[in-house]
Amino acid sequence: MKLKKVLLATLAVALGLNLVACQKSVKNTGTEKKTETSAQTKVKATDSKSGVETVTLKIAASATPHADILKYAQGVLDASSTNKRVKLDIKVFEDYVLPNKVTEDGTVDVNYFQHEPFLKDFNEKNGTHIVTLKKIHYEPFGLFGGKQKSLDNLKDGATIAVPNDGTNEGRALRLLESAGLIKLKQDAGFNLTKQDIVENPHKLKIEEVEAAQVPKVLPDVDYGVINGNFALLANLNVSKDALLVEKSKDAINEFANLLAVKKGNENLPGLKELVEALNSKTVRDYVAEKYKGSVIMLDK
């Protein structure tokens, strides 16, 4: 009987110790915290020899030329000898709304598709908090021939299609003004519509068209002013095919395409390396050769 009592006592102690151990294990697990402020996935290297850390940046981008440039920049990042390996997870979007929304909600870390006036307008209208990280390149507007292949002997009443969105219409009208075709209200910057034309000696008919549709209506109008990226998609080259090319320094600074992030994410790991890769001579040479003036990389 005594032996049985001893065995029972021993078993009770063992169960008690085991229960305490389990409680400590649960307590420790409960205090572990995982904080994620962005879509970024960081994988620290397990290679004890190199000590290299891998960082994945999720990027929302337009297909042309943004995603193409990013894909080429990946090669520069892969060849980097720094102690941080940066991988780009590129998400291609066909519209100008979702890239900012997924940047705001943290689905992606950074986007590359827009210029600053568009970004500011988007933030104001949508209550988002996207900020400029770095201006990267510029896509000049061009006036292309439709029914008419030259500006020589410009006919009165000629029809010109222009983008109808925000400052892009202003850019198109300023381009026409630079050639003396119209005169616009002064001190209005690029926030203009055809209602701001104060002199129109050739009685030009300005047709406001959704930007992506201008190349498609070109055969039906005399001329069209086309955004650089939409010109590329339509196999038009601004430097070779355009009758007029946007060259204003104000336009270049104002409408440079940029990398943008949600406010507070400006210092995410990998962003510095991405900017350096995009500014590299390798990428600059690639853009100059591939786009031949339709995309111009900005000075560092």
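The values are calculated or read from the model by the stated rules, or taken from the named source; none is laboratory data. Here the structure is a predicted model, which means the values were calculated and not measured. Note: ideal-geometry Cβ built from the backbone for every residue, glycine included; neighbour counts use all protein chains shown. SASA here: full protein model, heavy atoms, side chains in, ligands and nucleic acids out. Shrake-Rupley method; radii C 1.70, N 1.55, O 1.52, S 1.80 Å.
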Using the structure shown, list the pairs from Lys125/Lys249; Lys58/Lys263; Lys194/Lys247; Lys101/Lys135; Lys272/Lys300; Lys247/Lys300 with a Cα-Cα distance above 24 Å, or answer none. Lys125/Lys249
Suppose every K and R has +1 on its Cβ and every D and E has -1 on its Cβ; what is the size of the dipole of region 157-212 about the Cα centre, in Debye to the nearest 20? 220 debye
When the solvent-accessible surface of protein heavy atoms is calculated with a 1.4 angstrom probe, in what order do Ser239, Ser81, Ser38 fall, highest first? Ser81, Ser239, Ser38
Within 13 Å, Cβ to Cβ, of Gln195, how many net charges do the neighbouring residues add up to if Lys/Arg are +1 and Asp/Glu are -1? -1
Net charge of Cβ neighbours under 15 Å - reference Gly75; Lys, Arg +1; Asp, Glu -1: 0
Given a 1.4 angstrom probe, I'd like the percentage of the accessible area of region 176-248 that is carbon and sulfur, rounded to a whole number. 47 percent
Rounded to the nearest 20 debye, dipole of region 177-257 from Cβ charges on Lys, Arg, Asp, Glu: 160 debye
Whole number in Å², please: accessible area per residue of region 108-261, 1.4 Å probe, ligands, DNA and RNA not counted. 45 Å²
